[in-house]
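The values are calculated or read from the model by the stated rules, or taken from the named source; none is laboratory data. The shown structure was predicted, so the numbers you read here are calculated from the model rather than taken from an experiment. Using ideal geometry, Cβ is built from the backbone for each residue, glycine included, and neighbour counts are taken over all protein chains shown. Side chains included, ligands, DNA and RNA excluded: accessible areas come from the protein's heavy atoms. Shrake-Rupley method; radii C 1.70, N 1.55, O 1.52, S 1.80 Å.
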Amino acid sequence: MPKHSQTHLNPRSPLVLDTRELPRRPGSMRTVNRVAPAPRDLGLELIGVPEGADLTLDLRTESVSEGVLVSGTVSGAVTGECGRCLRPIDDSVTVTIQELYAYEHSTTDETAGEDEVGRLQGDLVDLEPVLRDAVVLALPTNPLCRADCPGLCPECGAPWDELPADHSHQQVDPRWAALSQLTRKEE
Ligand SMILES: [Zn+2]
Ligand SMILES: [Zn+2]
């Protein structure tokens, strides 16, 4: 038996689509273009969309026999930290979304598993779970400021990128140091 989510969607929430304007006749379409503030924790530990940052929604809602198909792209800025050198990363992400939201009590609603398709709640579609999954999949688990980031000097912890090319902490072996002094005296 399908379980209906008990959360009540707020139709004014920027990530909730109201499909009242979409005729429930298969083939009917509406475009949705809006800018919504990003919800909390949209992303991964080291990189994500900052809360409140602009998310640009460029979506299409389409009536199908069992519900509403939502497809299109969502893009936004991402900030994070390089996994090697810990310096800040400023980037952007664009994800493609395609999700069927079944009408309540449609065959799909009654037969599909909870994770297989979305559900309309009345006329409302909650985009947040699908958006969250898509963004998490699109972001790197080990973000880098650039593919060949050399990381940090293990001795002093400074980013190699900010150190001179000959940076080193090599301790000259005392025996060799004595030898090199001898050599210098001979010169
Ligand atoms: Zn880096
Ligand atoms: Zn160093």
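A few remarks follow.
- Contact order normalised by residue count of the chain, Cα under 8 Å, 6+ apart, percent: 20
- Positive-pole candidate from Ala38, His169, Thr19, dipole of the chain, charges at beta carbon: Thr19
- At 0.890 mPa s and 25 °C, Stokes D of region 43-91 from Kirkwood alpha-carbon radius, µm² per second: 188
- Centroid-to-centroid separation of region 48-73 and region 75-103 [C-alpha atoms, Å]: 15
- Mean ellipticity per residue at 222 nm, deg cm²/dmol - from DSSP H runs of n ≥ 4 across the chain, formula -39500 (n - 2.57): -4500 deg cm²/dmol
- With every protein chain in place, the chain: carbon and sulfur % of accessible area (1.4 Å): 50
- About the centre of its Cα atoms, the chain shows a dipole size close to 240 debye [charges on the beta carbon of Lys, Arg (+1) and Asp, Glu (-1) only; nearest 20 debye].
- Volume in Å³ per residue [convex hull over Cα atoms, computed for region 65-171]: 120
- The modelled label-to-label distance between Glu110 and Glu51, using points 7 Å beyond Cα along the C-beta direction, is 4.2 nm.
- Toward the positive end of the charge dipole of region 113-170, with +1 on the Cβ of Lys and Arg and -1 on the Cβ of Asp and Glu, the farthest Cα among Pro159, Gln121, Val136 is that of Pro159.
- Once the 1.4 Å probe is applied to the protein heavy atoms, the chain comes out at 64 Å² accessible per residue.
- Stokes-Einstein diffusion for region 31-117, with the hydrodynamic radius set to the Kirkwood value over Cα pairs and evaluated at 4 °C in a medium of 1.567 mPa s, equals 87 µm²/s.
- Taking only Cα atoms of the chain, radius of gyration then Dmax in Å: 27.0, 97
- Under Stokes-Einstein, with the Kirkwood radius over Cα pairs as Rh, the value for region 9-82 at 25 °C and 0.890 mPa s is 178 µm²/s.
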